[in-house]
Amino acid sequence: MTPWDTEPDNTEDFIGFVYLITNTVNNMKYIGQKKFWSERTLPPLKGYKRKRHIRKESDWRSYYGSSMELKTDLKKHGKKNFTRVMLLCCKTKQMLNYHETRLQFNRNAVLRDDFYNQIVNIRCMIPKSWLEKANNDCFFP
């Protein structure tokens, strides 16, 4: 498994990260996002009213993207022929969605032949007050 090029010192401070995976054999790339944590809501225990929330670390250390074409090339070429770069880490889901989409559009990932990306999934609510603190909520490794 190829490690991430850089990792934040403390993942507790962040929701997730935007990454770039590059196939070194054919120079194909993939831009995506991954959350550091998976969260589940469980029903309350007997005699209690509040739901339980469980947070555990996701599979981000071994994650290689969700593109089917990328997964096919991973099996074909092996993980040693791929580089994984964390582009930025974000503290909120909104920031994570925004920056993933922004980077995909800035690099024309869906339109170019050298990207695995085929879909840009946009679901992002950005309040005006958010723009003022946008740069404070991200970490650029």
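The values are calculated or read from the model by the stated rules, or taken from the named source; none is laboratory data. These numbers were taken from a predicted model, which means no experiment stands behind them. Here the Cβ positions follow ideal geometry from the backbone for every residue, glycine too, while neighbour counts run over all protein chains shown.
Exactly one residue out of L20, L96 is touching a helix residue (DSSP H, G or I) at 6+ places or on another chain (Cβ under 9 Å), within 21 Å of I119 (Cα to Cα) and touching a residue at least 12 places away in the same chain (Cβ under 8 Å): that is L20. For region 13-28, which positions are at pLDDT 90 or above and either more than 16 Å from T101 (Cβ to Cβ) or among the polar types (S, T, N, Q) (or both)? The answer is F14, I21, T22, N23, T24, V25, N26, N27, M28. Number of residues in region 62-73 that are among the β-branched types (V, I, T) and in contact (Cβ under 8 Å) with a residue 60 or more places away in the chain equals 0. Filtered by the rule that a residue be buried (at least 17 other Cβ atoms within 10 Å of the Cβ) and part of a helix (DSSP H, G or I), region 62-95 gives L70, D73, L74, Q94, M95.
Of all residues in region 42-61, those that are surrounded by 11 or more Cβ atoms within 10 Å (Cβ to Cβ) and either of a type in the set (F, W, Y) or under 30 Å from N26 (Cβ atoms) (or both) total 3. Here are the criteria: (1) within 22 Å of T11 (Cα to Cα); (2) modelled with pLDDT under 85; (3) part of a helix (DSSP H, G or I). Tell me which single one L131 does not satisfy. The one condition L131 does not meet is (1).
Within region 33-61, residues that are in a helix (DSSP H, G or I) have Cβ atoms under 6 Å from residues that are surrounded by 10 or more Cβ atoms within 10 Å (Cβ to Cβ) and of a type outside the set (A, V, I, L, M, F, W, C) in these pairs: W60/K34, counting only partners at least 6 apart in sequence or on another chain. Does at least one position in region 36-53 carry a residue that is aromatic (F, W, Y) and closer than 17 Å to N117 by Cβ? Looking for residues that are aromatic (F, W, Y) and closer than 17 Å to N117 by Cβ, one finds none in region 36-53, hence no.
Identify, please: which residue in region 1-12 is in a loop (DSSP other than H, G, I, E, B) and either buried (at least 17 other Cβ atoms within 10 Å of the Cβ) or of a type in the set (S, T, Y) (or both) and is, among those, modelled with the lowest pLDDT? Here the answer is T2. The number of residues in region 13-32 being in contact with a Lys or Arg (Cβ under 7 Å, 6 or more places away or on another chain) and assigned to a loop (DSSP other than H, G, I, E, B) comes to 2. Evaluate the following for K29: is it under 23 Å from E57 (Cα atoms), basic (K, R) and surrounded by 10 or more Cβ atoms within 10 Å (Cβ to Cβ)? When the stated conditions are applied, K29 does not pass them.
For N106, the conditions (1) polar (S, T, N, Q); (2) at pLDDT below 90; (3) under 15 Å from K29 (Cβ atoms) are fulfilled apart from (2).
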